[in-house]
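This report concerns only the one structure given below.
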Amino acid sequence: MTRPPLRVGNASGFYGDRFDALREMLTGGGLDILTGDYLAELTMLILGRDRLKDPARGYARTFLRQLEECLGLARERGVRIVANAGGLNPAGLADAVRELAGRLGVPARVAHVEGDDLGARFPGALTAHAYLGGAGIAACLNAGADVVVTGRVTDAALVTGPAAAHFGWRDDAYDRLAGAVVAGHVLECGTQATGGNYAFFAEHDPAALRRPGFPLAEIHEDGSAVITKHPGTGGFVDVGTVTAQLLYETSGARYAGPDVTARLDTAVLTADGPDRVRITGVRGEAPPPTLKVGLNRLGGHRNEVVFVLTGLDIEAKAALVRAQIGDALDRAGSRPADVRWELARTDRADAATEETASALLRLVVRDADADAVGRALSGAAIELALGSYPGFHVTAPPGKGAPYGVFEAAYVDRATVEHVAVLPGGERTPVTTAADTRVL
């Protein structure tokens, strides 16, 4: 028996995206699943620093505030919510959602997915998380979860998991899973699929782009999908916007992930009416035997000063301040390990205003020692105020510097990663797919 299409919406493309999007998607039209993508490499670093301050943190707290407004609404409309807002602490977020549901009097069944945290294998990293697939999400939904929160899964897993659960796909249904991966990849960045950040935006009505609506996908049992948005919302969906997002952050025809390797060169995009684009023909291959692991570590400390150079002799002014800062740091005995200068010639000849007559000289320093990029640098810059180039000033007072992070990728044998679905009743269910056990 053919199952009806699954309508999957997106309400977040990053941690800090439009707060009202969850409500907009729930009230704008019919949905079965509403997803939220809150994680990126930088987000994992931010959450890692949050966890250093408080081990009970490490998840996207904005998601909880959105649920406080919308959990009852989702329940009323029969929409299940799947989000990777759990970040470094999906169990903690699941507990917080249960507490919220109890306080609101909403009978929500909450589950979560874990197993992505590989910190024990990478002791030098602030965060170390494998990119899991959608099978754990599917297990949670099949167990009746109304809300599923995860840690680090692939962005597309937020769609492949619900699709596999809805249609009962086997884990080797590679063509169908690949179609869901493509749909998930189009949805994952929110309004980038509906005209946001679109190179050819000028060819469209500017009014439509003031507040683009968030996208949704109608996924069919054969893995095909239609990308669209709720009626009456801003933005636009056409073959161009979908193509642009489909190619976003991809590097070849084979788009490898933990669920399937999607062949992007087989996807066929066709217009299917106003604000509707149909994706068909996507072929899939077995996923790779390894899982990608995102590693964040603290690289040291960073500081920045931007000098404003106005009027004549811009190059000479830049040379003077560079020499002066270098001398001051040498005298202080605290020259940072990495010193970079960049002159941006934003100035114009015969400019009408001081701002348009000015160039920007940016100094960025990095060092493992916070003191080397802190007071020594800020003092050297400020002490030049009356003894440097004419018109000396900076865009902002130099501060004490801040830690910065470094992202790296590693790969591990997927069979060594324990992918676990923690069901609404608390049962811990290991998730194993054919790809986890095959011999190559």
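Restricting the stretch 54-67 to residues that are hydrophobic (A, V, I, L, M, F, W, C) and not in a loop (DSSP other than H, G, I, E, B) leaves a set whose member that is farthest from GLY119 (Cα to Cα) is LEU67. Scanning the stretch 282-337 for residues that are small (Gly, Ala, Ser) and more than 30 Å from PRO390 (Cα to Cα) returns GLY284, ALA286, GLY294, GLY299, GLY300. For the stretch 249-262, the criterion of being crowded, with 18+ Cβ neighbours inside 10 Å and either outside the structural domain of ASP50 (by TED's automatic domain parsing) or among the aromatic types (Phe, Trp, Tyr) (or both) is satisfied by at least one residue.
Quick one: would you say ASP222 is closer than 24 Å to ALA165 by Cα and assigned to a loop (DSSP other than H, G, I, E, B)? Break it down into steps so the answer makes sense when it comes.
Working: closer than 24 Å to ALA165 by Cα: yes; assigned to a loop (DSSP other than H, G, I, E, B): yes.
Criteria met by ASP222.
Can we say ILE279 is within 30 Å of ALA173 (Cα to Cα), surrounded by 14 or more Cβ atoms within 10 Å (Cβ to Cβ) and not acidic (Asp, Glu)? Full working, then the answer.
Details: within 30 Å of ALA173 (Cα to Cα): yes; surrounded by 14 or more Cβ atoms within 10 Å (Cβ to Cβ): yes; not acidic (Asp, Glu): yes.
Against the criterion (within 30 Å of ALA173 (Cα to Cα), surrounded by 14 or more Cβ atoms within 10 Å (Cβ to Cβ) and not acidic (Asp, Glu)), ILE279 qualifies.
Note on the stretch 105-211: enclosed helices (runs of 4 or more DSSP H) holding 2 or more residues that are under 25 Å from VAL242 (Cα atoms) are 157-167, 174-187.
Here is a check on your reading of the model: is THR154 within 18 Å of ASP37 (Cα to Cα), buried (at least 20 other Cβ atoms within 10 Å of the Cβ) and within 15 Å of the chain's Cα centre (by Cα)?
Against the criterion (within 18 Å of ASP37 (Cα to Cα), buried (at least 20 other Cβ atoms within 10 Å of the Cβ) and within 15 Å of the chain's Cα centre (by Cα)), THR154 qualifies.
If only residues of the stretch 344-391 that are among the β-branched types (Val, Ile, Thr) and touching a residue at least 60 places away in the same chain (Cβ under 8 Å) are counted, the one that is surrounded by the fewest Cβ atoms within 10 Å (Cβ to Cβ) is VAL364. Of all positions in the stretch 40-53, none carries a residue that is assigned to a loop (DSSP other than H, G, I, E, B), in contact with a strand residue (DSSP E or B) (Cβ under 9 Å, 6 or more places away or on another chain) and among the aliphatic types (A, V, I, L, M). Of the candidates ALA165, ALA130, the single residue that is crowded, with 22+ Cβ neighbours inside 10 Å, free of Cβ contacts under 8 Å to residues at least 40 places away in the same chain and touching a helix residue (DSSP H, G or I) at 6+ places or on another chain (Cβ under 9 Å) is ALA165.
The values are calculated or read from the model by the stated rules, or taken from the named source; none is laboratory data. Because the structure is predicted, anything quoted here is derived from the model rather than measured. In this analysis, Cβ positions are derived from the backbone assuming ideal geometry, glycine residues included, and neighbour counts consider all displayed protein chains.
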